[in-house]
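The structure appears right after this line, and notes come after that.
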Amino acid sequence: MKWLELLTVAGATLVSAAIVVTLYSLGVRFTAIAADAEQASPGVKRSFAYVCFGLCGVAVLFGLYLIIPYFTK
């Protein structure tokens, strides 16, 4: 067994999972901030939340692209 390759995959999995979770939580946080009535510019915060959700979706789709062998032929 090639241990360096196993550690590389484990490290990439940890980093990508942390990125997806961080993007999603930032999106939820900015959505909650934008819903507050006292905010001066909720549109900017809501659009930033949608960007975070979009990047999270792109990361998930890229992971599926890497996993499904049909796409990498």
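May I ask you to verify whether Tyr50 is open to solvent by 60 Å² or more (accessible area, probe 1.4 Å), touching a Gly at 6+ places or on another chain (Cβ under 8 Å), at pLDDT 95 or above and not hydrophobic (A, V, I, L, M, F, W, C)? So that I can check it myself, show each step before the final result.
Working: open to solvent by 60 Å² or more (accessible area, probe 1.4 Å): yes; touching a Gly at 6+ places or on another chain (Cβ under 8 Å): yes; at pLDDT 95 or above: yes; not hydrophobic (A, V, I, L, M, F, W, C): yes.
Yes; evaluated as a whole, the condition is true for this residue.
With respect to Phe71, determine if the residue is part of a helix (DSSP H, G or I), open to solvent by 90 Å² or more (accessible area, probe 1.4 Å) and touching a helix residue (DSSP H, G or I) at 6+ places or on another chain (Cβ under 9 Å).
Numbers: part of a helix (DSSP H, G or I): yes; open to solvent by 90 Å² or more (accessible area, probe 1.4 Å): yes; touching a helix residue (DSSP H, G or I) at 6+ places or on another chain (Cβ under 9 Å): yes.
Yes: the conditions hold for Phe71.
Residue pairs whose Cβ atoms lie under 9 Å apart, separated by 6 or more positions or on different chains, with the first residue in the range 54-73 and aromatic (Phe, Trp, Tyr) and the second surrounded by 12 or more Cβ atoms within 10 Å (Cβ to Cβ), are Phe62/Ser16.
The C-beta contact set for the range 21-45 (first residue without any contact (Cβ under 8 Å) to a residue 60 or more places away in the chain and closer than 22 Å to Ala59 by Cβ, second residue of a type in the set (Phe, Trp, Tyr) and surrounded by 12 or more Cβ atoms within 10 Å (Cβ to Cβ), distance under 7 angstrom, 6+ apart or interchain) comprises Gly27/Phe53; Phe30/Phe48; Lys45/Phe30. No other residue among Ala34, Ala10, Ala18 is assigned to a helix (DSSP H, G or I), open to solvent by less than 80 Å² (accessible area, probe 1.4 Å) and modelled with pLDDT of 95 or more apart from Ala18.
The values are calculated or read from the model by the stated rules, or taken from the named source; none is laboratory data. Computed from a predicted model, the values in this text were never measured in an experiment. With ideal geometry, Cβ positions are generated from the backbone for all residues, glycine too; neighbour counts draw on all protein chains shown. Side chains included, ligands, DNA and RNA excluded: accessible areas come from the protein's heavy atoms. Shrake-Rupley method; radii C 1.70, N 1.55, O 1.52, S 1.80 Å.
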